[in-house]
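Worksheet: the structure to be examined is printed underneath.
The values are calculated or read from the model by the stated rules, or taken from the named source; none is laboratory data. Given the structure is predicted, the values throughout are model-derived calculations rather than measurements. Cβ sites come from the backbone with ideal geometry, for glycine too, and all protein chains shown count toward neighbours. In case anyone asks, the SASA skips ligands and DNA or RNA and just uses the protein heavy atoms, side chains included. Shrake-Rupley method; radii C 1.70, N 1.55, O 1.52, S 1.80 Å.
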Amino acid sequence: MGEAAERAECSPAYGIHLLGEESQELARRLSTTGIDRFDHPAIGYDDGLTSVAGAVAWLECRMVDRIPAGDHHIVLAAPVRGGHGGRDQSRPLLYHDRRYTSVTEQKEETKP
């Protein structure tokens, strides 16, 4: 079991973060095995919860249930509170079709 899984095993609460489009390097790090994923200057701890500096949005959740699923567990969590970085934040980072991308701005409609 990895460090994150061990920490999650005994934690009644979780911090969930929505990364911005400029956070691809951090997203790659957090998905890499065999390293201490949380050893990064943007990652800290606030009242026992993981915090990510510069996150576009965040949720603090409490664990409702852990369901065994093969060699993993599915964690059901209920949001307790949340927030966002404000209108000056970047757009959210998306991972789709094996690559990182972001939401594109909508074009203004032109009137005939």
**Study point:** Given (1) assigned to a loop (DSSP other than H, G, I, E, B); (2) touching an Asp or Glu at 6+ places or on another chain (Cβ under 6 Å), number of the condition Arg37 does not satisfy
**Key:** (2)
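Filter the stretch 56-78 down to residues that are outside any loop (DSSP other than H, G, I, E, B) and small (Gly, Ala, Ser) and give me whichever is surrounded by the fewest Cβ atoms within 10 Å (Cβ to Cβ).
Going residue by residue through the stretch 56-78, those that are outside any loop (DSSP other than H, G, I, E, B) are 57-69, 72-78.
Remaining after also requiring small (Gly, Ala, Ser): 57, 69, 77-78.
Values: Ala57: 15, Ala69: 8, Ala77: 16, Ala78: 10.
Filtering the stretch 56-78 for residues that are outside any loop (DSSP other than H, G, I, E, B) and small (Gly, Ala, Ser), the one surrounded by the fewest Cβ atoms within 10 Å (Cβ to Cβ) comes out as Ala69.
Quick check on this structure: which one of Ala27, Ala8, Ala4 is at pLDDT 90 or above, surrounded by 11 or more Cβ atoms within 10 Å (Cβ to Cβ) and assigned to a helix (DSSP H, G or I)? If you could, list the steps in order and put the result at the bottom.
Working: Ala8 fails: at pLDDT 90 or above; Ala4 fails: at pLDDT 90 or above.
Sole residue among the options that is at pLDDT 90 or above, surrounded by 11 or more Cβ atoms within 10 Å (Cβ to Cβ) and assigned to a helix (DSSP H, G or I): Ala27.
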**Study point:** Residue list for the stretch 84-112, restricted to those being at positive phi, modelled with pLDDT of 85 or more and either acidic (Asp, Glu) or open to solvent by less than 90 Å² (accessible area, probe 1.4 Å) (or both)
**Key:** Asp97
Check your understanding: Using beta carbons and a limit of 6 Å, which pairs, at least six apart or on different chains, have the first residue in the stretch 97-110 and of a type in the set (Asp, Glu) and the second one modelled with pLDDT of 60 or more?
Key -> none
